[in-house]
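Below: one structure, written as structure tokens.
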Amino acid sequence: MGIFDRLKNAAIGSVSNAVSTAVASVGNKRETFTFDALPESVEQLQSLPQASLDSPFKTAALTVCALCAYGADKQTGIEMLNWLRGPRPLTGYDISFLDDRFRGGKTYIPFSYFLGATPENDYTPKAPFTVVVESNHTSATEQGYMKLFIPCAGADSPRPIKLRMKGDGRWFLWEQYLMTDIRQPKSADPWA
């Protein structure tokens, strides 16, 4: 093996190690975000420190806030989600899906992601509102995307959310699986 082959192999090895280290550093990470109050407009959402969107964890936490807003005021929620989705606004199908998820008074679902919200207290968190966002060893397997997980008091396992990085380094909402059914709040459970 010649000197150039050894240098080439060493360089390839260094790059592989750097990529592996970067992916491993994402694994099993946990970030906590606290909001004194939940945003009630897209301008309030954009004024939060997390609105820099320079981390997929920040975008995931803001998505929970936007879904809470959607349950209170559909148009405001759409504006927030569209901003979090960047150049890819909600489609008619996306809006129809969200409308279906909120149907029947299920506005409590996004609140179930805040610490302190449980079925026993009808998923009513107390201020300040705290959400935890986690990654694991599978989070960064797809280049340019990040699959994170948000623990939910109404489910047995954290729910996934997928984000995509834009060329400028900001992370935008790609897909969310947060609006799936959870355990009923105590007040709605006929067996409670």
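Just so you know, all these numbers are worked out from the coordinates, no wet-lab data involved. Remember, predicted model here, so these are calculated numbers, not experimental data. Counting neighbours? That spans all protein chains shown, and the Cβs are built from the backbone with ideal geometry, glycine included.
Across the range 57-71, computed HN-Hα scalar couplings (Karplus, 6.51 cos²θ - 1.76 cosθ + 1.60, θ = phi - 60°) run 5, 5, 5, 4, 5, 5, 4, 4, 4, 5, 5, 4, 5, 4, x Hz from first to last residue, x flagging Gly and Pro.
For the chain, a simple Cβ point-charge model (Lys and Arg +1, Asp and Glu -1, everything else neutral) yields a dipole of about 540 debye relative to the Cα centre. Each of 34, 69, 111 was placed along the dipole of the chain (beta-carbon charges, centred on the mean Cα), and the one lying farthest toward the positive end is 34. How many Lys pairs in the chain lie less than 23 angstrom apart by Cα atoms, where the lysines are 8 or more positions apart or on different chains? Counting lysine pairs in the chain gives 18. What you get for the range 147-191, charging only the Cβ of Lys and Arg (+1) and of Asp and Glu (-1), is a dipole of about 220 debye around the Cα centre. If the segment from residue 166 to residue 32 were pulled out straight at 0.36 nm per residue, it would be longer than the present Cα-Cα gap by 45.9 nm.
Sorting the segments 178-186, 106-114 by their mean number of nearby beta carbons within 10 angstrom, highest to lowest, gives 106-114, 178-186. GNM remark for the chain: springs join alpha carbons under 10 Å apart, and the peak mean-square fluctuation among 52, 41, 96 falls on 96. The order of the peptides 77-86, 156-165 by mean Cβ neighbours within 10 Å, most packed first, is 77-86, 156-165. Each residue of the range 99-106 is assigned a 3J(HN,Hα), and the resulting list reads 4, 5, 5, 8, 4, x, x, 8 Hz, derived from the Karplus form 6.51 cos²θ - 1.76 cosθ + 1.60 (θ = phi - 60°), x at Gly and Pro. Taking 0.36 nm per residue of sequence separation and removing the Cα-Cα distance, the residue 99/residue 43 pair yields an extension gain of 17.9 nm.
Once the Cα atoms are used to define both axes, helix 3-26 deviates from the longest principal axis of the chain by about 10 degrees. In this structure the amide hydrogen of residue 176, modeled in the peptide plane, comes within under 5 Å of the amide hydrogens of 162, none closer than 5 places in sequence on its chain.
Taking each residue as 0.36 nm, the span from residue 138 to residue 91 lengthens on full extension beyond its C-alpha to C-alpha distance by 14.1 nm. Candidates 192, 157, 176 compared by Cα position along the dipole of the range 101-192: farthest toward the positive end lies 176, with charges placed on Cβ.
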